[in-house]
Amino acid sequence: MDTDLRLESSLWVGNKRHRAVLTGWNFNWTEVDQKNCDKKTISVPVAEVVGVEEGRVEILPQKLVEDKDKDFTVFYVKRSSSGGSSGLLWRLGRTQFSCPSRVLRDQWTEHLRTAVKTHSPSRPHKLLVFINPYGGKKKGRQIYHSVVAPLFELAGISSHVIVTERANQARDHLLKKDLTGFDGVVSVGGDGMFSEILHGLIGRTQQESGLCENDPAVTLQPCPLHIGIIPAGSTDCVCYATVGVIDPVTSALHVIIGDSQPLDVCSVYHASALVRYSVSLVGYGFYGDVLAESEKHRWMGPLRYDYSGTMVYLSNRSYTGVVQYLPADPMLSSPRDKTRCLSGCSVCSRTTERHFPDSGSLYSAHYSQFSTESEGDWVSVEGRFRCVSLTCMSSSCPRSPQGLSPSAHLADGTGDLILVWDTHPLSFLKFLHRHTSTEDQFDLPFVEVHRVKALRFSLPSSGREEEAFGGIAEQSVVIDEEDQSYVETVSRCGSQLRLAESSAGVEMANGQKKENAFLCGLCCSKSPTVSVWNCDGEILPFTEILCRIHGQLVRLYARGIEDSTELRWGKGQV
Ligand SMILES: CCCCCCCCCCCCC/C=C/[C@@H](O)[C@H](COP(=O)(O)O)NC(=O)CCCCC
Ligand SMILES: Nc1ncnc2c1ncn2[C@@H]1O[C@H](COP(=O)(O)OP(=O)(O)O)[C@@H](O)[C@H]1O
Ligand SMILES: [Ca+2]
């Protein structure tokens, strides 16, 4: 216990006398004139105190200060059950205290502020905030200014806010501009906006370390800046899978108290070059087709995925492919062990100990098994699939509260590979439906799941010929963006040759542009023979890829999903 931070005295909350105690890492207050059995102690970890203000203060809907010189107000994290979601909602708790003297009031405010500084050293002071004004229901700006900014201000965080005017502005800013003084970057938007920030920060870190991102054998350098996510998108999978709820207040509070959640990242390569990074889904077949279809209906907002999901399901497609994977150590964990990766997860902690042994320092990560893996360790399967999905995390989201792989871990250095073999449409529907319930989606004869460190996908030799003549041909002219040129990909649809329609286009990790090739859609009598990859909501312009999982490459302002049963059984904070 820090004896110099300890403080104990009587304080009034309203007209009730309380005994308040600050023990250094904990602040609690108990009503004293209450019968013993009715005594209730409110206890707040100092690490979860958001701010301490002189006077009687309110901040929402707007800041009001009644400046009474013997009063002070403490703001802190308060948990409540989230009604349906897997995590806990965090709210801003507020208690106004009255002291018998101004001297005591000053003592309390000073002690509390010092305790906060001592016990949460990783709180951000300065943040770079990117808002995508067009993400999700287009409410990013409103959410930030009305909900998040007042909380940051209360916590004394200064923020530099950029409302983006074009796609990839945030990524380019992070790759090129001066980032001195910033403790973290905040994404206000969806998974696509987060992905831009991920690419900017990973790219910048490797540039500064002189590392080649195109070499799959290189051990990438973890990013020094944390990323915060304020959900304002369509799927918001990264937020949901790391916090357990889609709630801007909860997410803002995680940023403020400087929570830290390491996250695995998957790098995707084609023809010896990095194509993209992913944290949630690298998916071929169904999920690729849904994304490509949905881009044509962006005007529908988040509903575009429901519409496109139904249309793609009805089109009843499957694709041939050769899948090769490098299995992870089965002694450490299994995708079918029915566990959940929750806050403080022991599987992820063991990974931290193995790879970051010296007190968890981010910069000590030097492990490279990838280059030494022998070809013999790879497992190969070939056939016809409804979908092939690789996910570094559960990829839970409001549409699928358990996620694509409910037992996947956020930071264990592995990903889960889900192979759904071609099957009867009704069986596939059963599989999809299980994503929306708690039934085991892997307990089906046509589904396999493997915990892996790497994945290769290629077309069977017959498929390559089909790709060239019947499916999507990648007739690309790669020209530099700076030269005012672009890459055109032409898709063949039956006998028709036409330019790909998708408005999204594809931007490579290095910033070069490539227009989408996509399926002819539902108009076509001949089913396409190749699908596209959905990489965290971006369409990849290549079919044959290599993926590698990098353990704990980035850190989020989050702490993983808190177990809501702890609150129900009274083990929570108050
Ligand atoms: C016919 C019933 C279908 C029910 C299936 C439900 C399965 C949902 C699993 C969702 C996995 C989500 C993985 C995350 C993907 C996002 O990165 C990506 C982009 O998100 P955003 O930037 O917010 O737009 N979202 C998708 O690819 C949507 C997939 C939806 C599939 C139905
Ligand atoms: N100002 C902007 N104009 C157009 N596109 C943008 C802008 N800012 C970001 N984007 C892009 O919009 C895409 C979708 O953003 P996101 O915030 O994930 O919303 P959603 O979840 O609705 O897809 C991302 O790929 C991102 O790069
Ligand atoms: Ca993982």
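The values are calculated or read from the model by the stated rules, or taken from the named source; none is laboratory data. Keep in mind the model is a prediction, meaning the values are calculated, not measured. Positions of Cβ are generated from backbone atoms using ideal geometry, with glycine treated the same way; all protein chains shown enter the neighbour counts. Only protein heavy atoms, including side chains, enter the accessible area calculation; ligands, DNA and RNA are left aside. Shrake-Rupley method; radii C 1.70, N 1.55, O 1.52, S 1.80 Å.
Being within 13 Å of ligand 2 (Cβ to nearest atom), over 18 Å from HIS160 (Cα atoms) and either over 16 Å from the mean Cα position of the chain (by Cα) or open to solvent by less than 10 Å² (accessible area, probe 1.4 Å) (or both) is not true of PRO224. Residues that are surrounded by fewer than 19 Cβ atoms within 10 Å (Cβ to Cβ) and of a type in the set (S, T, N, Q) were ranked within the stretch 326-342; the one that is farthest from THR235 (Cα to Cα) is SER334. Scan the stretch 93-113 and give yes if some residue there is within 27 Å of the chain's Cα centre (by Cα) and away from ligand 2 (no atom under 16 Å from the Cβ), otherwise no. Checked the stretch 93-113: at least one residue is within 27 Å of the chain's Cα centre (by Cα) and away from ligand 2 (no atom under 16 Å from the Cβ). Which residues, taken from the stretch 300-325, are out of contact with any His (no Cβ under 7 Å at 6 or more places or on another chain), closer than 25 Å to THR242 by Cβ and open to solvent by less than 20 Å² (accessible area, probe 1.4 Å)? Of everything in the stretch 300-325, those that are out of contact with any His (no Cβ under 7 Å at 6 or more places or on another chain), closer than 25 Å to THR242 by Cβ and open to solvent by less than 20 Å² (accessible area, probe 1.4 Å) turn out to be GLY301, GLY309. Note on the stretch 400-443: residues that are without any contact (Cβ under 8 Å) to a residue 24 or more places away in the chain and within 16 Å of ligand 3 (Cβ to nearest atom) total 0. Among the residues making up the stretch 378-429, those that are within 16 Å of ligand 2 (Cβ to nearest atom) and open to solvent by 20 Å² or more (accessible area, probe 1.4 Å) are PRO398, ARG399. In the stretch 148-163, the count of residues that are within 16 Å of ligand 1 (Cβ to nearest atom) and open to solvent by 10 Å² or more (accessible area, probe 1.4 Å) is zero.
Within the stretch 94-141, being part of a strand (DSSP E or B), hydroxyl-bearing (Ser, Thr, Tyr) and more than 30 Å from LEU7 (Cα to Cα) holds for no residue. So is GLY203 more than 20 Å from LYS126 (Cβ to Cβ) and either within 16 Å of ligand 1 (Cβ to nearest atom) or buried (at least 16 other Cβ atoms within 10 Å of the Cβ) (or both) or not? Spelling it out, GLY203 is indeed more than 20 Å from LYS126 (Cβ to Cβ) and either within 16 Å of ligand 1 (Cβ to nearest atom) or buried (at least 16 other Cβ atoms within 10 Å of the Cβ) (or both). Among all residues of the stretch 236-257, there is none that is at pLDDT below 95, within 16 Å of ligand 2 (Cβ to nearest atom) and open to solvent by 30 Å² or more (accessible area, probe 1.4 Å). Scanning for something farther than 29 Å from SER146 by Cα and surrounded by fewer than 19 Cβ atoms within 10 Å (Cβ to Cβ), does the stretch 81-92 turn up at least one residue? The answer is no, given that none of the residues of the stretch 81-92 is farther than 29 Å from SER146 by Cα and surrounded by fewer than 19 Cβ atoms within 10 Å (Cβ to Cβ).
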